[in-house]
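Here's the structure we're looking at; comments come further down.
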Amino acid sequence: LTPRSGHPILKPVDHTVDRYDLGIVGGGQLGRMLALAAAPLGLRCIVLDPDPACAAAQVADTIVAPLNDAKALHRLVTSAAVTTFEIEHTAPAVLSSLEDTGATIRPSPRTLAVVADKLRQKETLREAGLPVPVILARTAPGRSSWTHPVVQKSRFGGYDGRGVAVVPGGEDMPLPGDTFVETAVEIERELAVLVVRDTDGVVDAWAPVDMVFDSTLNLVSDVIVPAEIPEEVRRRAVEISIATARVLGEHGLVGVLAVELFLDRSGRILINEVAPRPHNSGHITMESSQCDQFEQHVRAVLGLPLGSTALRTPAAMTNIVGPPHSHSGAYRVIGRRQVLADPTAHLHLYGKPAVRPGRKMGHVTCTDPSTADALSRARTAAAAVAFAPSAQAKGDVQ
Ligand code: ADP
């Protein structure tokens, strides 16, 4: 199966479906977990992804074509009652015209247009009176003339720390392309609040989480719920995030919205960025809350009643990423036995076709009344997972 632009290929898992309930743009781990959450509700999903072996292909039918392929997007939205996203870097103009001709796309491509441009996203939130870091320049100069560190950011396409550079005073701006400059925040901790907005405009929030970053990989390494913050900070974080969902609601937001926040050293909360879809900071809800982010997103975009966001148990999640010196390519997972030896550990592997250094391959969540214990166990469990080159893939499941 080789995708060629203009020639979307349908890779069916099930030949009996003539109309899907949910179309998903993107077949990575988020698309996979959305399809897995839809299954017990008796809902069928179809994903669009350029890779026939994408993470979601094992659990959903797949249209194999680039994410911005107009024909493939047309096929996706006409095959499904509702179409949603797991990634915001697609073709908003194509999707907008499909929406204009009657396709049900949630969140609306208008939301994507606001969010996919990080500068427009920040300005939209700031104009609505929400707290964001100060924008120092809408286009970056070649060299910083500021005397203090500033942050240069790509307007489009950056994720997982790519597209963000802290630039000390007087130094050259390293990022190419369309970029802007904002103040460097003195970060006390990074938080995230997951919120959901339904088709009637009702907004609900899960408990704020702490996000722990791996500064070498520039990735979230761990997520902890509930965040260890004073009640006043918790209340304010939730308030800001709900207000953010209401602002984006005016641009057609329906579904889950992840709001990444900074708590700065003076106790202020600032919005770093938002994502109108399930998010790494919300994987923990699969074990920690009554209704998790994936099922909730499915419910919201299909216009079904929302589930409860109430906390069921404190928990910690650790990402499993391809190790720094990992081989790149096909692999076999080893270490399941050690992970599952902890009866509170929940292992989620994404079934990606290849491992690469730094690539998110899965995560482990541990539950415990003590978040410190949950975190230490989740880290131990995640560290036990390894990816052997598949040539060595012989013998029992390990
Ligand atoms: P990405 O979407 O690529 O993950 P982010 O905007 O979330 O990019 O930034 C990645 C990380 O860079 C943040 O989690 C934070 O640690 C740091 N960062 C981003 N913006 C700022 C800022 N204005 N001040 C200080 N640190 C920042």
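The values are calculated or read from the model by the stated rules, or taken from the named source; none is laboratory data. This structure is a prediction, so every number in the text was calculated from the model and none was measured. Neighbour counts run over all protein chains shown; Cβ positions are idealised from the backbone, glycine included.
Some notes on this structure:
- Counting only residues that are over 17 Å from S288 (Cβ atoms) and touching a strand residue (DSSP E or B) at 6+ places or on another chain (Cβ under 6 Å), the stretch 219-239 holds 2 of them.
- In the stretch 367-387, residue surrounded by the most Cβ atoms within 10 Å (Cβ to Cβ) [restricted to those that are closer than 16 Å to P323 by Cβ and β-branched (V, I, T)]: V385
- Close pairs (6 angstrom Cβ cut-off, 6 or more residues apart or separate chains): more than 13 Å from E260 (Cα to Cα) in the stretch 222-237, in a helix (DSSP H, G or I) and of a type in the set (S, T, N, Q) anywhere: I224/T371; V225/S288
- Condition check for T83: closer than 14 Å to L22 by Cβ, outside any helix (DSSP H, G or I) and touching a residue at least 12 places away in the same chain (Cβ under 8 Å): yes
- Of the residues making up the stretch 339-391, those that are of a type in the set (S, T, N, Q) and at pLDDT 95 or above are T365, T367, S370, T371, S376, T380.
- Qualifying residue in the stretch 272-292 (condition: buried (at least 19 other Cβ atoms within 10 Å of the Cβ), without any contact (Cβ under 8 Å) to a residue 60 or more places away in the chain, more than 13 Å from the ligand (Cβ to nearest atom) and over 21 Å from L130 (Cα atoms)): yes
- Residue list for the stretch 166-183, filter: without any contact (Cβ under 8 Å) to a residue 40 or more places away in the chain and within 9 Å of the ligand (Cβ to nearest atom): V166
- When residues in the stretch 169-186 are screened for being part of a strand (DSSP E or B) and surrounded by 15 or more Cβ atoms within 10 Å (Cβ to Cβ), 5 of them pass.
- The residues of the stretch 199-241 that are more than 16 Å from the ligand (Cβ to nearest atom) and touching an Asp or Glu at 6+ places or on another chain (Cβ under 7 Å) amount to a single one, E228.
- Failed item, numbered, when K118 is tested on (1) more than 11 Å from the ligand (Cβ to nearest atom); (2) touching a residue at least 24 places away in the same chain (Cβ under 8 Å): (1)
- Of the listed requirements (1) more than 8 Å from the ligand (Cβ to nearest atom); (2) surrounded by 18 or more Cβ atoms within 10 Å (Cβ to Cβ); (3) under 21 Å from D117 (Cβ atoms); (4) not aromatic (F, W, Y), K153 misses just one: (1).
- Answer residue from the stretch 123-145, given it is over 29 Å from A237 (Cβ atoms) and within 16 Å of the ligand (Cβ to nearest atom) and is surrounded by the most Cβ atoms within 10 Å (Cβ to Cβ) among those: A140
- Of the strands (runs of 3 or more DSSP E) lying entirely inside the stretch 301-398, those containing at least 2 residues that are within 22 Å of the chain's Cα centre (by Cα) span 315-321, 345-349, 360-367.
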